[in-house]
1. Would you mind stating whether Ala141 is assigned by TED's automatic domain parsing to the domain that holds Pro93, crowded, with 16+ Cβ neighbours inside 10 Å and modelled with pLDDT under 80?
2. Hey, could you check segment 52-96 for residues that are small (Gly, Ala, Ser), under 33 Å from the mean Cα position of the chain (by Cα) and modelled with pLDDT under 85 and say which is surrounded by the most Cβ atoms within 10 Å (Cβ to Cβ)?
3. Residues in segment 109-136 that are among the charged types (D, E, K, R) and in a loop (DSSP other than H, G, I, E, B): how many?
4. So in segment 116-130, with the set limited to residues that are of a type in the set (A, V, I, L, M, F, W, C) and buried (at least 19 other Cβ atoms within 10 Å of the Cβ), which one is modelled with the lowest pLDDT?
5. I'm trying to understand the selection: among the residues of segment 93-108, which are of a type in the set (Asp, Glu), assigned to a helix (DSSP H, G or I) and closer than 14 Å to Ala120 by Cα?
6. Applying the selection to segment 137-167, what residues are farther than 13 Å from Arg178 by Cβ and assigned to a loop (DSSP other than H, G, I, E, B)?
7. Every residue in segment 147-160 that is at pLDDT 85 or above and under 19 Å from Thr104 (Cα atoms), please.
8. Of all residues in segment 144-168 being out of contact with any strand residue (DSSP E or B) (no Cβ under 8 Å at 6 or more places or on another chain) and among the charged types (D, E, K, R), which is surrounded by the most Cβ atoms within 10 Å (Cβ to Cβ)?
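The values are calculated or read from the model by the stated rules, or taken from the named source; none is laboratory data. On a predicted model such as this, the values are computed, not experimentally measured, just so you know. For neighbour counting, all protein chains shown are included, and Cβ atoms are generated from backbone atoms with ideal geometry for every residue, glycine included.
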Amino acid sequence: MPHPVKDRFDEVPRATGRVGAHRAEAPGMNGWLVLLWSFVSALVLIVIGIFVALLMMGRITLFPAPEEAIAPTPEATGVVDMTYSVLILNATPEEGLDAQMRETLINAQWPDNLISYVPAGQQDFAETTVYYNAADAELAAIGLADLIGGAHVEQSDVYADPSDPEQKQLVIVIGLDRSSIQPEPAETPAE
């Protein structure tokens, strides 16, 4: 048998270990760096997606129109008119609140002959209220409510004198908001 012809590859020394492409250098990135870049890219894409979705739904406006300033409606300020007679009704279980309210008005220079007070027919009125019967008495009622430290103001002819509908009278009904004693709940009969 003839011997094979020798060529230049026959004289390459045999190396111990691997030979070939798997000996090439690893690419410039290692595994952790690739994972980090993947995470950052995914996060950026998610944030952009959420922003675009909110923009399309109208929840975000890129360039909002300037809001017009809305002028607040002025509240009616009361006028303390001491020509009105005042009836004070204590609608709480605490005794003496009507007399204290009378003293408050007298100390504010209200004529004492125009102030009367009595207990009310009920003891569970929720909020202290100043009632007036004529529309032109509203400012006087607001002024009286401010004078006694704030109260609800309401127009009603419940307390108007039927024999004198033009009477200049304001009515203060003292409610539980001014009382330290709360009414006891009514007992229901056992079934």
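1. Taking the combined requirement at face value, the residue does not satisfy it.
2. Out of the qualifying residues, it is Ala91.
3. 2
4. Only one residue tops the list, namely Phe125.
5. Passing the criteria: only Asp98.
6. Passing the criteria: Ser156, Asp157, Val158, Tyr159, Ala160, Asp161, Pro162, Ser163, Asp164, Pro165, Glu166, Gln167.
7. Val153, the sole residue that qualifies.
8. Here the answer is Asp146.
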